[in-house]
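Any read-out appearing in this document is the output of simple, stated calculations on the displayed coordinates, not a laboratory observation. Everything numeric here is computed off the predicted structure, so don't read it as measured data. Cβ atoms come from the backbone with ideal geometry, glycine included; neighbour counts cover every protein chain shown.
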Amino acid sequence: MSGWIKLHRQIQASRIYPSKRRYTQFEAWIDLLLSANWEDSQIRRGYQRIAVQRGQVFTSRVALAQKWAWDRKSVLRFLLSLQRDNMVDIKTSKGRDTGFTLLTILNYEKYQGDESTTLDIKSDTALDIKQNTKRDIFGTLRGTYQRRNKKKKEVKNNSGDSSVTALIDYFSAKFLNATGKPYLPTWAKDGKSLKRSLEAGAGAEDIERVMDSYFSDDYYRRNGFDITRFCSAFNSLNSAARGLARDKSTRVTPPEGKYAAYS
């Protein structure tokens, strides 16, 4: 099956459009397409004006989480998965009151442009068949998507479950939050390092807890965040975190009264 249908933005006002319930990933993607600017504009954020171009979505993780009935981690993981599949580009700006996420829908003009003709469609189809790399409506190369999917499955199979993939996603989310840039994992190398940590007896929750310490440490920030380096430093970071927790649990609270001034 091939061809096009028109989908008007007014469908968002329909009674069957998702409302007050959790969106599926497909519905979330369609929502982004419907939310994208159809013309260039500017938005004021605090004291700055931000240019939002055609095909871009000006939003935030908090807004998307509320709209889709997801938690913010799920939103971030979904956006990162879209980025890995060459469906969107992500730009973030931090700020207590002025932070935002600017999403660029890749290939927006190709699929939403108004100037396609029958000749264009025929030419595109012939080119797609010739190159055997026909793009689907999400703007991704099927061949590229399948290869990446295969790598993900290899990581899952090597770990025995999806723990490694979940940890890579968690690390990527922390990386984006700390640097404002996406983390591009090397699935074989990073997956192998995390697999070794899991096989050594570390639980996924423990690894995520130590990741939190890793990203809050200025030393590692200066040297650059990386999954392989994190795994190398895991034991020392984990021991330090446990020692801190033990100190807190055994700390004696000074008595109130005349000795309080010496505490």
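Observations on the model:
- Among 41-54, 198-211, sorting by the average number of other beta carbon atoms lying within 10 angstrom of each residue, highest first, gives 198-211, 41-54.
- Taking other residues whose beta carbon is less than 12 angstrom from the beta carbon of S216, and scoring Lys, Arg as +1 and Asp, Glu as -1, yields 0.
- Counted charge near L34, where neighbours are those whose Cβ lies closer than 12 Å (Asp, Glu -1; Lys, Arg +1): 0
- Burial ranking of peptide ranges 74-83, 228-237 (average Cβ count within 10 Å, highest at the top): 74-83, 228-237
- Unit Cα scatterers, Debye sum, the range 14-110: log10 I(q)/I(0) for q = 0.11, 0.12, 0.18 Å⁻¹: -0.32, -0.39, -0.88
- Across the range 192-204, computed HN-Hα scalar couplings (Karplus, 6.51 cos²θ - 1.76 cosθ + 1.60, θ = phi - 60°) run 5, 5, 5, 4, 4, 5, 5, 5, 6, x, 6, x, 4 Hz from first to last residue, x flagging Gly and Pro.
- Per-residue Karplus couplings for the range 50-58, computed as 6.51 cos²θ - 1.76 cosθ + 1.60 with θ equal to phi - 60°, are listed in order as 10, 7, 10, 8, 4, x, 10, 10, 8 Hz, Gly and Pro entered as x.
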